[in-house]
Amino acid sequence: MKIATWNLERALPASVQAERQQQWLSRIDADIWILTETHLGITPGEDFVSVASGLPDRPGAEDERWVQIWVRTGELVPLETGDKARTVAALLTQPSGQGWVLYGTVLPSQPDHQGQTFAAALATHQADWKRFQGVHPEAGLIVAGDFNQDLNALNYYGSRRNKQALRQALDSVKLVCYTAGENDPVHRLIQGQHSNTDHICLTQNPLGQFRVPLSGPNALKICAASPITSALA
């Protein structure tokens with residue numbers, strides 16, 4: 001199973017930018033896409049189903065959305081979140097019977113009022129994650145999207161205060177970020193000059209009923225895409 005996230009930067013379906021993005025969506029060929037700053041008219045393929053966040057909390061073109069989750073196979077059931085504008089969640093049941101709670105988000109960018117907006121949004125996210133783990137203890141949790149915060153040692157984007165709060169929130173539900181540190185695609189491809197802010201985080205099932213394989217024929221492949229790096233092998 002291949003998971004990918006990409007901020008489409010509010011591209012509209014008929015634009016040249018969207019045409020180029022569509023080529024990369026096909027090339028990356030992910031099984032699960034979490035698209036952010038997206039449009040309902042942009043899809044990774046006809047064989048996908050989706051759930052999207054509600055009306056954005058900012059002016060924009062018709063059918064723009066902060067985040068939309070696309071899945072190629074399996075049953076997708078929408079779940080309620082605490083922030084309908086900037087988040088979306090769904091329970092994915094794969095043909096194998098394995099369940100995943102998928103959570104897509106765009107956290108607020110740049111700290112204001114000492115990071116209070118970011119902190120408030122993160123608290124809502126964290127409450128959602130804990131609630132979903134309580135209601136669906138048999139399912140794994142995948143959180144992905146535009147966090148507007150790097151998670152590397154040296155600060156690149158966001159603030160150290162927000163970074164620490166984000167790390168603590170992820171740790172509280174045993175989420176591991178697979179697009180930070182040595183796995184950061186932007187940091188790696190641009191020789192450490194920048195860091196990634198689009199992340200994919202996964203948790204192991206708290207009951208220990210399954211493990212996420214990161215190698216071998218059934219490996220879970222993670223791909224963080226952006227205008228800087230369009231694919232991570």
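Some points to look at:
- Over region 35-168, relative contact order from alpha-carbon pairs under 8 Å, at least 6 apart, %: 20 percent
- Each residue in ASP63, ASP150, ASP171 was given a count of other beta-carbon atoms within 10 angstrom of its own, and listing them fewest first yields ASP171, ASP63, ASP150.
- Sequence-separation-based contact order of region 93-187, relative, with Cα cut under 8 Å and 6+ spacing, percent: 32 percent
- Förster radius 35 Å - calculated FRET efficiency between SER159 and GLU75 (Cβ-Cβ, nearest 0.05): 0.35
- Cβ-based charge dipole, region 37-128, positive-most Cα from SER96, ALA85, VAL49: SER96
- For region 7-54, a/c is not less than 1.5, where a ≥ b ≥ c are the root eigenvalues of the C-alpha gyration tensor, and a/b does not top b/c. That puts it in the oblate class.
- Rounded if a/c under 1.5, otherwise prolate or oblate - region 3-105, Cα gyration tensor axes: oblate
- Pairwise centroid distance, computed over Cα atoms, of region 126-151 with region 29-98, Å: 15 Å
- Cβ crowding within 10 Å, taken as a proxy for footprinting-reagent exposure, orders PHE147, PHE48 from fewest neighbours to most as PHE48, PHE147.
- A Förster radius of 35 Å combined with the Cβ-Cβ distance from ASP29 to HIS136 puts the calculated FRET efficiency at roughly 0.80.
- Taking Cα centre as origin and charging only the Cβ of basic (Lys, Arg, +1) and acidic (Asp, Glu, -1) residues, the dipole magnitude of region 1-121 rounds to 200 debye.
- Karplus-derived 3J(HN,Hα) values for region 2-12, using 6.51 cos²θ - 1.76 cosθ + 1.60 with θ = phi - 60°, are 10, 10, 9, 9, 7, 8, 8, 6, 6, 5, 9 Hz; glycine and proline are entered as x.
- Computed E for ARG20/ASP171 - FRET, C-beta separation, R0 41 angstrom, nearest 0.05: 0.65
- Legend: ranking of residues SER109, SER26 from fewest to most surrounding C-beta atoms inside 10 Å; resulting order SER26, SER109.
- Sites matching GluC sites (Glu not before Pro) across region 29-130 that sit in DSSP coil, with at most 15 neighbouring C-beta atoms within 10 Å: GLU46, GLU62, GLU80
Every number here is computed from the coordinates shown, using simple stated rules; none is lab data. Given the structure is predicted, the values throughout are model-derived calculations rather than measurements. Methodologically, a virtual Cβ is constructed for each residue, glycine included, from the backbone with ideal geometry; neighbour enumeration extends over all protein chains shown.
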